[in-house]
């Protein structure tokens, strides 16, 4: 397994494995401290309490890239012209649509709740897609997806042998594949965080929420397809202008 360093050189398989271990030990340790102990029980801020539950993968990534000088290819902007484009499509759009539906139904606009869910998804995705998917990229695709799914599932620290957990594992497997594709096509952490957050936005589905979910997915997927076609056109144009 090889990956890119900040120096442009490749790190060996052993270093890659150690980097992943460091990342995961920190990620799951933070998850255990926030979800299975009372260490942070005195925190009164709901925002901080929820963010701490999802911050482990981001901290693990930061530690690994600093220790092993790994350059992460994904960024907030990704391969968009500027960061405002993915911010508008993948963050502001769900804020407006989900907030508007909630306001019409309940008379409240849950702006803070929506942003908490998006930030939580971003903190996780810095680790799962931004770091782990990149380091596992040299493996056969399904093997990489399966490893991410297993590590992601174990990170949730829910080991009950129930049908709901089996369904949850299947959702994570599908998510590892689908969000992984978004990561490959956009290189944007904002985009993958938005897709990740859909599961938390729509934990309970009714007809209204199902329609809203479908609208968001269709818009986002069409945007990805449109960008992919534009990139192919630009590539062909550049190829034709080469001397």
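Every number here is computed from the coordinates shown, using simple stated rules; none is lab data. The structure displayed is predicted, hence computed values, not measured ones. Virtual Cβ from ideal backbone geometry, glycine too; neighbours counted across all protein chains shown.
From the Kirkwood radius over Cα pairs of the chain, Stokes-Einstein at 10 °C and 1.306 mPa s returns a whole-number translational diffusion coefficient of 82 µm²/s. From helices alone, the chain scores -23000 deg cm²/dmol at 222 nm; the rule is -39500 (n - 2.57) for each run of n ≥ 4 DSSP H residues, then divide by the residue total. What shape does the stretch 1-125 take by its C-alpha gyration tensor, where a ≥ b ≥ c are the square roots of the eigenvalues and a/c under 1.5 counts as rounded, a/b above b/c as prolate, and the rest as oblate? Oblate shape, in that a/c is at least 1.5 and b/c is the bigger or equal ratio. Sorting 147, 217, 117 from the fewest to the most surrounding beta carbons within 10 angstrom yields 217, 147, 117. Annotation: extensible slack from residue 100 through residue 217 equals 40.4 nm (criterion: 0.36 nm per residue apart, minus Cα-Cα distance).
When 75, 163, 197 are sorted by how many other C-beta atoms sit within 10 angstrom of their C-beta, beginning with the fewest, the order is 163, 75, 197.
Going from the residue with the fewest nearby Cβ atoms within 10 Å to the one with the most, 43, 59, 126 rank 43, 59, 126.
Debye-formula intensities of the stretch 168-232, expressed as log10 I(q)/I(0) at q = 0.25, 0.27, 0.28 Å⁻¹, are -1.18, -1.27, -1.30 (one equal scatterer per alpha-carbon, no solvent). In terms of its C-alpha gyration tensor, the stretch 51-93 comes out oblate, because a/c is 1.5 or above while a/b does not outweigh b/c. Pick from 193, 214, 64 the residue whose mean-square fluctuation is largest in a GNM of the chain, springs joining Cα atoms under 10 Å. Looking only at 193, 214, 64, the biggest GNM fluctuation is shown by 214.
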